[in-house]
Amino acid sequence: QTGKTFGLIGVAGYIAPRHIHAIKETGGNLCAALDKFDSVGILDRYFPEASFFLEPERFDRYLYKRQRQGNPLDFISICSPNYLHDAHIRMALRNGSDAICEKPLVLNPWNVDALEQLEQDTGQQIYNILQLRLHPAIVALKEKIEKESGKMYEVDLTYVTSRGKWYQESWKGDIAKSGGIATNIGIHFFDMLQWIFGGAQQSTVHLHQADRAAGFLQLKKARVRWFLSLNFDDIPQPARGNGFQTYRSVTVDGEEIEFSNGFTDLHTQSYQHILSGHGFGLDDARPSISMVHEIRNSQPQGLTGDSHPLLK
Ligand code: NAD
């Protein structure tokens, strides 16, 4: 039992249940939640006592009153659309709470700098969920690469995760709100790759559409050809014929890294990690935010040079 108190923003959404579960599993108490949508019956299963707010103004008032009474919430978990993270982190820190924020922490590198200032002003911390860094297969790969110095690896990243028509109609399909596919879907992998193989030195975008993006990255220790898609038709055979909706492959020098299992409960582990004082902060979040910002603002070059083998 940590006895930590939590608030949660975006409680009616897709990812919120993993946070609610993680709060429960780590012995915390969800005291208050906010969403502009009221389909939040999940609260009864975990925290029936939680206060619920439909309006940010009233949630903010609740947080402010708690702080004034010397009892601020320890953490606010942020599961809202990407473009609102920055504002919601501010609401948390200004009211005396630390923030635990979903990926991407923010959309632009300069937003990270401004949040750093806010941390200094308030004395509160900002943590980012980067759950792939806790995946056992990824941790093992990082350890292996660290042991073999001086080598340049050839990496292919393919991630096809099919989404229905709703995706493009929602905030996720709006580049101003989600950052587009490379930001919203790709950031997990760009963070993971730069964490393992070192920072980005050069980035080329070959293709950048609403539902597909591809490019090349020169990292310190790897040459990466990447391809991301939301389109079922891009799932390679035989996976597509077998009805799989998602295809995920990372090869290093032609060798497949097996990490299809071990995804369950990485949010709970992320919370354990934060509560034990090891959470990922602004400096951890910064490199991949810079990478996706550059990708978002690059002119696609077409399928030339080092483009991904599936696109040739
Ligand atoms: P979602 O659209 O299902 O949920 C977002 C929720 O926020 C909705 O319930 C919406 O009503 C609410 N919301 C919107 N504006 C709000 C406001 N002003 N105040 C309060 N609530 C508001 O989206 P999602 O898939 O749950 O994604 C939420 C966040 O989690 C995003 O940042 C996304 O990138 C991230 N995410 C992370 C993972 C992961 O694996 N770590 C997976 C999916 C999504």
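The values are calculated or read from the model by the stated rules, or taken from the named source; none is laboratory data. Note that this is a predicted model, so its numbers are computed, not measured. With ideal geometry, Cβ positions are generated from the backbone for all residues, glycine too; neighbour counts draw on all protein chains shown. Keep in mind that these areas ignore ligands, DNA and RNA; they rest on the heavy atoms of the full protein, side chains included. Shrake-Rupley method; radii C 1.70, N 1.55, O 1.52, S 1.80 Å.
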Checklist entry - Pairs under 7 Å by beta carbon, first residue touching a residue at least 40 places away in the same chain (Cβ under 8 Å) and under 25 Å from A99 (Cβ atoms) in the range 277-302, partner open to solvent by less than 50 Å² (accessible area, probe 1.4 Å) and of a type in the set (F, W, Y), six or more apart or different chains? => result G279/Y127; F280/Y127; G281/Y127; S288/F190; M291/F190; V292/F190
Next on the checklist: For the range 15-51, give me the residue count where each residue is open to solvent by 20 Å² or more (accessible area, probe 1.4 Å), under 19 Å from the mean Cα position of the chain (by Cα) and more than 20 Å from L84 (Cα to Cα).
Outcome noted: 1
Checklist outcome for this item: Of Q124, Q69, the only residue that is surrounded by 17 or more Cβ atoms within 10 Å (Cβ to Cβ), more than 30 Å from L219 (Cβ to Cβ) and polar (S, T, N, Q) is Q124
Checklist entry - In this structure, does G215 turn out to be crowded, with 16+ Cβ neighbours inside 10 Å, in contact with a strand residue (DSSP E or B) (Cβ under 9 Å, 6 or more places away or on another chain) and among the small types (G, A, S)? => result yes
Checklist entry - Between residues in the range 236-252 that are more than 12 Å from Y159 (Cα to Cα) and residues that are open to solvent by 30 Å² or more (accessible area, probe 1.4 Å), which pairs lie under 8 Å by C-beta distance while being six or more apart or on different chains? => result A239/Y247; R240/F232; R240/D233; R240/Y247; V252/E154
Checklist entry - Out of curiosity, is Q201 part of a loop (DSSP other than H, G, I, E, B) and within 25 Å of D306 (Cβ to Cβ)? => result no
Checklist entry - Would the range 141-158 turn up any residue that is within 16 Å of the ligand (Cβ to nearest atom) and open to solvent by 10 Å² or more (accessible area, probe 1.4 Å)? => result no
Checklist entry - of a type outside the set (A, V, I, L, M, F, W, C) and open to solvent by 50 Å² or more (accessible area, probe 1.4 Å), is that true of Q209? => result yes
Checklist outcome for this item: Subset of the range 99-140, residues under 23 Å from M291 (Cβ atoms), β-branched (V, I, T) and away from the ligand (no atom under 16 Å from the Cβ), comes to V139
Item to check | All positions within the range 221-262 that are within 16 Å of the ligand (Cβ to nearest atom) and open to solvent by 60 Å² or more (accessible area, probe 1.4 Å) | outcome: Q245, R248, S260, N261
Item to check | Hey, I295 crowded, with 20+ Cβ neighbours inside 10 Å and under 13 Å from H206 (Cα atoms) or not | outcome: yes
Item to check | Residues of the range 273-286 that turn out to be surrounded by fewer than 17 Cβ atoms within 10 Å (Cβ to Cβ) and assigned to a helix (DSSP H, G or I), as a count | outcome: 2
Item to check | Check on Q168, open to solvent by 40 Å² or more (accessible area, probe 1.4 Å) and within 16 Å of the ligand (Cβ to nearest atom) | outcome: yes
